[in-house]
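The values are calculated or read from the model by the stated rules, or taken from the named source; none is laboratory data. Just so it is clear, the model here is predicted, and its values are computed rather than measured. Heads up: the accessible areas ignore ligands, DNA and RNA and are worked out on the full protein's heavy atoms, side chains in. Shrake-Rupley method; radii C 1.70, N 1.55, O 1.52, S 1.80 Å.
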Amino acid sequence: MNAAEITMTPTMTPPAPAELIPGDSLVIGTGRTRRFVGREHGAGVSYFFVDNEPGEGPGLHWHPYAETWVVLDGVARIRIGEQTLVARPGDTATVPAGVWHGFTNAGEGRLRVLCIHASDVIIQTWAE
């Protein structure tokens, strides 16, 4: 057997009961954006489910881990360091750890994007 092989035996009995987290319980403030912190739910990743109006989006910031975006609806103008990408539904982009980034809804309708953080907690450092 290869030392890198996974040797875990699967089970039908999870260590804790499965839970469903209602979307409304993840909403931030009075907006439509939701924040999921994996550590609070036994997950190794965290995410923001962003739902923004035209012109809205997070300013420049960075994380000590990679972040991946999946555009679900709308058009996102994504800044990764000095680069700018325009992403549409179905597009995916990733920023490496430690690189300044942000995005804006560049379309005429709402932007819905899943922002996956490769961490069980969300750590953000803002430029401003």
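Skip the ligands, DNA and RNA, and give the accessible area per residue of the stretch 11-111 with a 1.4 Å probe, whole Å². Mind dumping the intermediate values first?
Values: 6050 Å² over 101 residues.
Result: 60 Å² per residue.
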Check your understanding: Once the whole set of protein chains is in place, how much accessible area is left on Glu56, using a 1.4 Å probe, in Å² to the nearest 10?
Key -> 80 Å²
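At a 1.4 Å probe, what is the % contribution of carbon and sulfur to the accessible area of the stretch 1-80?
58 percent
If you stretched the chain out fully between Ala127 and Asp91, how much longer would it get, using 0.36 nm times the residue separation minus the C-alpha to C-alpha distance?
Details: separation 36, 0.36 × 36 = 12.96 nm, distance 2.60 nm.
10.4 nm is the gain from fully extending Ala127 to Asp91.
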Exercise for review: Calculate the all-directions average of the projected area of the chain's alpha-carbon convex hull, and give it in nm².
Suggested key: 10.6 nm²
**Study point:** For the stretch 113-128, Karplus couplings with θ = phi - 60° (6.51, -1.76, 1.60), whole Hz, Gly/Pro x
**Key:** 9, 9, 10, 8, 9, 7, 7, 7, 10, 9, 10, 10, 10, 8, 5, 10
Check your understanding: How high is the relative contact order of the chain, in percent, counting Cα pairs under 8 Å that sit 6 or more residues apart?
Key -> 30 percent
Exercise for review: Ignoring everything but the protein chains, give the 1.4 Å probe accessible area of Val86 in square angstrom, nearest 10.
Suggested key: 80 Å²
